[in-house]
Amino acid sequence: MALRPIDLAREHGLSTQAVRNYEEAGILPPAERSPYGYRQYGERHAVALRAFLALLPGHGHRAAGAILCAVNTGESEEALRLIDDSHALLAEDRRTLDAVRTALDHLPPRQPAATEPAQPTVTQPAATEPAQPAQPAVAESEFTHIGPLAHRLGLRPATLREWERAGLVTPSRDARTGYRTYTPDQVRELLIAEQLRRGGHGLARTAEILHRLRSAGHPDAVRPTLAAWQDRLTARGRALLSGAAALDLYLNQPQEP
């Protein structure tokens, strides 16, 4: 039975131009032509389009298109390799999520800020007391400089400076040398930032997560974000399964005369 572009388009709420574009891109097999030059599609084209649309949520447009193009040109091994790549990426994302959770669970404990020692009660006017120097919130030995921190994170110092410009962290400056210095809390935040970066989060999203962490004052502040991340990975896994089932139907579709 001959199908028109509009017949394929209506099933999925697409435009006829989208169907023609998919054919031109190789996602659909070439259409037959009527004596008047009109495109004529068949059931194989309908199954191919269903397969492509089923692959989209799990693989993305570029990979899904490449998979169908490979199938349509007889390069089945290439199609399977592309599918393997998407599954490998999902597995890596799962490992990254686990790493972020582990980083949260094993972050070094916060050190309480040092406070000024209590002063004895005196009877003299306060103006006659010698000035007492303010106590630093963090001991000087607890500061980390940019070089050792970059080495610990496996990054270049230039990357940490880029993160600073993006608002992930604002280090202090050594009064004598002018070098950047990072407190233990800032090191904790950057450890989380590095895990989030590996998980595919951009700098703006990472800065937002770190802001939530600072506002809540506890790593549990990012737990909802990680739960949503887990949900997205689960949805991708299910989508990969659905796409594989639809592609299998297409691979088993008989060639039309």
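One table, with the values for the structure above:
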{"item": "Per-region count, the range 20-33, residues touching a residue at least 12 places away in the same chain (Cβ under 8 Å) and either closer than 12 Å to PRO5 by Cβ or crowded, with 21+ Cβ neighbours inside 10 Å (or both)", "result": "6"}
{"item": "Which numbered condition GLY42 misses (of (1) touching a Ser or Thr at 6+ places or on another chain (Cβ under 6 Å); (2) surrounded by fewer than 20 Cβ atoms within 10 Å (Cβ to Cβ))", "result": "(1)"}
{"item": "Number of positions in the range 216-257 that are in contact with a helix residue (DSSP H, G or I) (Cβ under 7 Å, 6 or more places away or on another chain), at pLDDT below 90 and part of a helix (DSSP H, G or I)", "result": "6"}
{"item": "Filter result for the condition that a residue is under 20 Å from LEU210 (Cα atoms) and either of a type in the set (Gly, Ala, Ser) or not assigned by TED's automatic domain parsing to the domain that holds LEU210 (or both), over GLY154, GLY178, GLY147", "result": "GLY154"}
{"item": "Filter pass, GLN17 being exposed (fewer than 12 other Cβ atoms within 10 Å of the Cβ), free of Cβ contacts under 8 Å to residues at least 60 places away in the same chain and farther than 23 Å from ASP248 by Cα", "result": "yes"}
{"item": "Any pair with Cβ under 6 angstrom, 6 or more apart, that starts in the range 194-220 at a residue that is within 15 Å of GLY167 (Cα to Cα) and among the β-branched types (Val, Ile, Thr) and ends at one that is at pLDDT 75 or above and not in a loop (DSSP other than H, G, I, E, B)", "result": "THR206/ALA193; THR206/LEU196; ILE209/THR225"}
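The values are calculated or read from the model by the stated rules, or taken from the named source; none is laboratory data. The model shown is predicted, which means the values in this text are computed figures rather than measured ones. Note that we place each Cβ from the backbone using ideal geometry, even for glycine, and neighbour counts take in every protein chain shown.
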